[in-house]
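Structure, as structure tokens:
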Amino acid sequence: MLVIEKQRINQDFKTILRSMVCLLKEPGNLDHVYDLEDGLRHSKASLLGVEWLKTQPEVAQLIQERYIAPHPDMEALIQYPQDSLGYAYAAYIQKSGFDPGFYRNIKVEDDISYVLFRSRQTHDIWHIVTGFKTDGIGEIALKAFELAQTRRNLSVFLVGAGLLGALAMSPEALPDLLNQITSGYQMGVKAKPLLAQKWEENWEKPLSQWRSELGI
């Protein structure tokens, strides 16, 4: 058993290193992000992060319930009032040319895998609610927000990778990136837990109301 565990740890470590190198070369490649997240999945930091999330009653309830929303119907959502979350989400997906089911699927078999799945499922909703763009700086700012909200080790790695990438490739962008990271983290500290929300059951709620209720 110890041999198998050691082999898994070694494999995860290799996956993490390989993914980090690949991300520095191709920061926009989501496969590298998912590989990194999969490599971090069994770490002690992942377990501690989920245990911290479960100290928040609303999040703990969602984790226990294993709430998984159905695949969103874009044609239906675009018919919602233009000030609603549903319309904002559908318009965002259509304008960006994204697939709402783009994320790598993961089998939900424990608390950690559930948090990973739900985080992937709602990633674009978090972009809309927080207002962070999907460009490089916007993604890193959202990861800083996620770090404050969830303590996910993936967020630590991606914020670090963003800083290293800027330092190596575009050091003139560092001041703006640091400001965005600080802003994202502070926003995450002040806001109510986004992970606890059942967005898909309240598509009709105005986006401004969501933001007001969540403290964003």
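No lab work stands behind these numbers, since they all come straight from the coordinates. The shown structure was predicted, so the numbers you read here are calculated from the model rather than taken from an experiment. So basically every Cβ, Gly included, is an ideal-geometry build from the backbone, and we count neighbours across all protein chains shown.
Annotations for the structure displayed:
- Out of Ile112, Ile137, Ile93, Ile128, one residue alone is in contact (Cβ under 8 Å) with a residue 40 or more places away in the chain, over 26 Å from Thr182 (Cβ atoms) and over 10 Å from the mean Cα position of the chain (by Cα). It is Ile112.
- Applying the criterion of at least 2 residues that are more than 21 Å from Pro27 (Cα to Cα) to the helices (runs of 4 or more DSSP H) found wholly in segment 112-187 leaves 123-130, 136-150.
- Number of positions in segment 163-177 that are touching a helix residue (DSSP H, G or I) at 6+ places or on another chain (Cβ under 8 Å) and not small (Gly, Ala, Ser): 6
- Index of the failed condition, Ser155 passing every other in (1) of a type outside the set (A, V, I, L, M, F, W, C); (2) touching an Asp or Glu at 6+ places or on another chain (Cβ under 7 Å); (3) under 25 Å from Leu53 (Cα atoms); (4) touching a residue at least 60 places away in the same chain (Cβ under 8 Å): (4)
- For the residues Ala168, Ala161, the requirement of being out of contact with any strand residue (DSSP E or B) (no Cβ under 7 Å at 6 or more places or on another chain), buried (at least 18 other Cβ atoms within 10 Å of the Cβ) and touching a residue at least 60 places away in the same chain (Cβ under 8 Å) singles out Ala161.
- Qualifying positions in segment 119-139 - among the hydrophobic types (A, V, I, L, M, F, W, C) and over 25 Å from Asn105 (Cβ atoms): Ile137
- Positions within segment 56-91 being of a type in the set (Val, Ile, Thr) and surrounded by fewer than 19 Cβ atoms within 10 Å (Cβ to Cβ), in sequence order: Ile68, Ile78
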